[in-house]
1. Give the relative contact order (percent, whole number) for region 69-159; include only Cα pairs under 8 Å separated by 6+ residues.
2. Return V99, V74 ranked ascending by Cβ neighbour count within 10 Å, so the fewest neighbours appear first.
3. Taking the Cβ of each residue in F35, F85 as the centre, tally the other Cβ atoms inside 10 Å and list the residues starting with the fewest.
4. Taking only DSSP H segments of four or more residues, each worth -39500 (n - 2.57), what value at 222 nm results for the chain once the sum is divided by all its residues, to the nearest 500 deg cm²/dmol?
5. Please check: in the Gaussian network model of the chain (C-alpha springs, under 10 Å), which one of I77, I68, I25 has the largest mean-square fluctuation.
6. For a quick check: sort S101, S141 by the number of other beta carbons within 10 angstrom, fewest at the front.
7. Stretch E131-I25 to full length: gain in nm at 0.36 nm per residue minus the Cα-Cα span?
8. If I take every Cα pair under 8 Å that is 6 or more residues apart in the chain, average their sequence separation and divide by the length, what percent do I get for the relative contact order?
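Laboratory data are not the source of any read-out in this text; all were calculated from the coordinates shown. The shown structure was predicted, so the numbers you read here are calculated from the model rather than taken from an experiment. Here Cβ is always computed from backbone atoms with ideal geometry, including for glycine, and neighbour counts include all displayed protein chains.
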Amino acid sequence: MENPSEKAPATWESLPSWLLTQTAIHAHRMVADGFSSVGARGYHYRLLATLEHLGPASQAALGRRSGIHLSDMVATINELADRRFVERAPDSSDRRRNVISLTAAGKRQLRRLEKRLAETQDELLAPLSSEERQRLTELLSRLLDHHNRQAGPPEEGTVG
């Protein structure tokens, strides 16, 4: 007779790493689709949110704070500037450097993106209660904090 306290070996489909990866794939697709539905990309949201939080900043500072690699930063700023969501102006202390600022239109776009992102979060976490959502967020934050401390400071451009 089998000992009921002995567990069957885990299958790859029940491994936490596999479950996290598969859920992350769905989350990434859902967020990308949500932003795309309002004519934006994830980098747009990250840059606009960083500007709102930081205020006007250089491209380098924005890259460090947003995790957007400098090679992607220029293209993202160009896209947002073409739509008048950000403005680029020479830095008064160093004319070789540009300072990027959020415009009123950029703030409105950020509000649209925040709304769409909130809807996507609700869609992603639909099967969970409010308490379960909070607990999941706490557990994922704890895992991420632990592994970030283990890895040390991230290299430029490696954030999400």
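1. Details: 43 pairs, mean separation 20.1, N = 91.
Relative contact order for region 69-159 comes out at 22 percent.
2. Values: V99 19, V74 13.
The most exposed by this proxy come first: V74, V99.
3. Numbers: F35 20, F85 23.
Listing F35, F85 from fewest to most nearby Cβ atoms yields F35, F85.
4. Values: 6 runs with 98 residues, N = 160.
Dividing the helical sum by the residues of the chain leaves -20500 deg cm²/dmol.
5. Result for the chain, Cα springs under 10 Å: I25 fluctuates most.
6. Values: S101 13, S141 10.
Ascending number of Cβ neighbours within 10 Å: S141, S101.
7. Numbers: separation 106, 0.36 × 106 = 38.16 nm, distance 2.35 nm.
Going from the current span to full extension adds 35.8 nm.
8. Details: 127 pairs, mean separation 40.5, N = 160.
Worked out over the chain, it gives 25 percent.
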